[in-house]
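The values are calculated or read from the model by the stated rules, or taken from the named source; none is laboratory data. Keep in mind it's a predicted model, so treat the numbers as computed, not measured. We place every Cβ from the backbone using ideal geometry, glycine too, and count neighbours over all the protein chains shown.
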Amino acid sequence: MPSPRRGAISATDLKQGLEDRYRSDPEYRASVDRQEAERRARRDELERAERPLVTDLRAAGIPVDSAWDLYKHPELGETAYPLLVKHLRLAYPDRILNGIARGFTKDVARKHWPELLSIYLTEDRPEACDGLAATLSGCAVRTHYPDLVAILENEALGETRIYFLRPVHRIGNRMCAGAGRTVIESFANDPQLGQEASRILLGRGRND
């Protein structure tokens, strides 16, 4: 087993050092306590804000404490679907909006692709757009390929289009050798998509 690098600090030693400093340094202790209090306050604020959604989900038989817990109950995806759509249209803090938009299961999102795509194309809140892009790109199959290419070509959708580069590359190449790559090449110099497009063309990352 290789020996630790000279001068390296182990995680255990680092933790012990921070604990010792917390006990002996009043100024450091006050800073840590203040930061922890701020984290708790932010968490409590998010929990209060998300309560209407959680109440609706639980009333429908979905035992979650947050939209971010929905992945634990994929069998209830269809039950959750109309509630998520309803709450996605409401005013929530960014993190909650993103969690709602990502809360659709793959099978359900695929089944309701036209509606979710329509919401994505008309949504103007960045965190909701980001979550919907992640959901749609994650469930896309061959029949969605024209929509995927159209999304990439729609500059109004901004950086969220980046989620669709790899699905276009993967699905397009499976449909016809090199077809997906040709589309990705056309975005190699795009100011928002160029870096990721170049990574894909170089074969970096998964699903290349």
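Would you mind stating whether Asp69 is in a helix (DSSP H, G or I), modelled with pLDDT of 85 or more, out of contact with any Lys or Arg (no Cβ under 6 Å at 6 or more places or on another chain) and surrounded by 10 or more Cβ atoms within 10 Å (Cβ to Cβ)? Yes, satisfied.
Only a single criterion out of (1) surrounded by fewer than 21 Cβ atoms within 10 Å (Cβ to Cβ); (2) β-branched (Val, Ile, Thr); (3) closer than 19 Å to Pro82 by Cα is not satisfied by Thr135, namely (1).
Within the stretch 121-146, residues that are in contact (Cβ under 8 Å) with a residue 24 or more places away in the chain have Cβ atoms under 7 Å from residues that are crowded, with 19+ Cβ neighbours inside 10 Å and of a type in the set (Gly, Ala, Ser) in these pairs: Ala128/Ala101; Gly131/Ala101; Leu132/Ala101; Thr135/Ala101; Thr135/Ala109; Leu136/Ala109; Cys139/Ala109; Tyr145/Gly172, counting only partners at least 6 apart in sequence or on another chain.
Residues in the stretch 67-116 that are under 20 Å from Arg51 (Cβ atoms) and among the basic types (Lys, Arg): Lys72, Lys86, Arg89, Arg95, Arg102.
Output yes when any residue across the stretch 189-206 is buried (at least 20 other Cβ atoms within 10 Å of the Cβ), farther than 28 Å from Tyr71 by Cβ and of a type outside the set (Ser, Thr, Tyr), and no when none is.
We begin by selecting, within the stretch 189-206, every residue buried (at least 20 other Cβ atoms within 10 Å of the Cβ); these are 193, 196-197, 200.
Then drop every residue that is not farther than 28 Å from Tyr71 by Cβ, which leaves 197.
Checking the rest, the ones that are also of a type outside the set (Ser, Thr, Tyr) come to 197.
Yes; the residues of the stretch 189-206 include at least one that is buried (at least 20 other Cβ atoms within 10 Å of the Cβ), farther than 28 Å from Tyr71 by Cβ and of a type outside the set (Ser, Thr, Tyr).
With Leu165, Leu148, Leu116 as the choices, which residue is aliphatic (A, V, I, L, M), surrounded by 15 or more Cβ atoms within 10 Å (Cβ to Cβ), touching a Pro at 6+ places or on another chain (Cβ under 8 Å) and in a helix (DSSP H, G or I)? Steps first, please.
On the way: Leu165 fails: touching a Pro at 6+ places or on another chain (Cβ under 8 Å); Leu116 fails: touching a Pro at 6+ places or on another chain (Cβ under 8 Å).
None of the other options fit; the residue is Leu148.
Just one of the listed residues (Val85, Val64) is modelled with pLDDT of 95 or more, surrounded by 13 or more Cβ atoms within 10 Å (Cβ to Cβ), hydrophobic (A, V, I, L, M, F, W, C) and not in a helix (DSSP H, G or I), namely Val64. Just wondering, is there one or more residues in the stretch 36-45 that are within 20 Å of the chain's Cα centre (by Cα), over 21 Å from Thr105 (Cβ atoms), assigned to a helix (DSSP H, G or I) and in contact (Cβ under 8 Å) with a residue 12 or more places away in the chain? No, there is no match, as no residue in the stretch 36-45 is within 20 Å of the chain's Cα centre (by Cα), over 21 Å from Thr105 (Cβ atoms), assigned to a helix (DSSP H, G or I) and in contact (Cβ under 8 Å) with a residue 12 or more places away in the chain. The number of residues in the stretch 187-202 being under 21 Å from the mean Cα position of the chain (by Cα), in contact (Cβ under 8 Å) with a residue 12 or more places away in the chain and over 25 Å from Asp124 (Cα atoms) comes to 1.
Working carefully through the options Ile96, Ile100, Ile184, find the one that is buried (at least 18 other Cβ atoms within 10 Å of the Cβ), part of a helix (DSSP H, G or I), of a type in the set (A, V, I, L, M, F, W, C) and without any contact (Cβ under 8 Å) to a residue 40 or more places away in the chain.
Details: Ile96 fails: without any contact (Cβ under 8 Å) to a residue 40 or more places away in the chain; Ile100 fails: without any contact (Cβ under 8 Å) to a residue 40 or more places away in the chain.
The match here is Ile184.
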